[in-house]
Amino acid sequence: MDTGIDAFSPTERSRVKRLHERGRYDRATVHAILDAGMIAHIGYVIDGQPYVTPTAYWRDGDRLYWHGSSASRMLRSQAEGIPVCLTVTHLDGLVLARSGFHHSINYRSVMVFGKAQLIEDPAEKIRHLDRFVERVYPGRNATLRAIDPQEAKATKLLTMEIEEASAKIRTGPPKDDEPDYALDCWAGVIPVAQVVGAAVPDPLLKAGVAWPEHLRLFTEHRRFDAVMTEHAESY
């Protein structure tokens, strides 16, 4: 799916300016950070008022998709083709230094720019909504009833081609001032990760329905970003 040049070309709006050495613009890095996540924050302006909305998203090549209620003012406004800025961040660790100033966090983040477009064709909308389910739970659509017309009508689906994108990443231990390394103060990294918990069956689950094979990667204590990445590789 990932065709074309290997990197996005940054401009003043997307170039990493502070700690620019942490900036990355290659598609492999941008796509990897997007694929490891599921929730994005989308920034846009309506009548001069800025809004930032969290929403589930998925990627297909250089195109992002998200959906919501047809009654949503956010989606109605974005459907008009307004510019949007979408961000995704993974918190990987708390970095404790020997001074408050040098405390930091390890993270992976992406900021992308583009214009949202509404997908109006009913068949195309259903096809992409099915792909969203398949993106998160490969093989699940085969076990589900199909989306009915009323459900499709109640849902808006938007897409955005990535015009520009920049990633920013921090890894590793704290970076202290040289004299501070002699202090009797603990320093290091506390790793942080979202992990999958034990599945909780629906109290109304029909008797005899077993845990399905298509959910096999959602094993307890596994990192969620690793599950999403592995699913993306087979998507």
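The values are calculated or read from the model by the stated rules, or taken from the named source; none is laboratory data. From a predicted model like this one, the values you see are computed outputs, not experimental measurements. Don't worry about glycine lacking a Cβ; one is built from the backbone with ideal geometry, like all the others, and counts go over all protein chains shown. In case anyone asks, the SASA skips ligands and DNA or RNA and just uses the protein heavy atoms, side chains included. Shrake-Rupley method; radii C 1.70, N 1.55, O 1.52, S 1.80 Å.
Below, the figures for the structure above:
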item	result
Cβ-based charge dipole, the chain, positive-most Cα from Thr87, Asn141, His31	Asn141
Projected-area average for the chain over all orientations - Cα convex hull basis, square nanometres	17.0
Options Gly100, Thr229, Trp211, ranked by Cα towards positive dipole end of segment 77-235, top entry (Cβ charges)	Trp211
The chain - charge dipole about Cα centre, Lys and Arg +1 at Cβ, Asp and Glu -1, debye rounded to 20	380
Relative packing of 198-206, 178-186, which averages over residues the other C-beta atoms within 10 Å, highest first	178-186, 198-206
Over the chain: helical MRE at 222 nm, DSSP H runs n ≥ 4 each giving -39500 (n - 2.57), nearest 500	-5500 deg cm²/dmol
Full-stretch length increase - Asp148, Ile82 - with 0.36 nm per residue and alpha-carbon distance subtracted	20.8 nm
About the Cα centre, charge dipole magnitude for segment 139-232 (Lys/Arg +1, Asp/Glu -1 at Cβ), debye	740
Eligible aspartates and glutamates near Lys125 by straight Cα distance, threshold 20 Å, same-chain separation 8 or greater	Asp60, Asp62, Glu80, Glu134, Asp148, Glu151, Glu161
Solvent-accessible area per residue for segment 65-212 (1.4 angstrom probe, square angstrom)	59
Where Rh is the Kirkwood radius over Cα pairs, Rg/Rh for segment 195-235	1.04
Percent carbon-and-sulfur accessible area, segment 71-212, ignoring ligands, DNA and RNA, probe 1.4 Å	59
Alpha-carbon centroids, segment 25-41 and segment 173-233: separation in whole Å	17
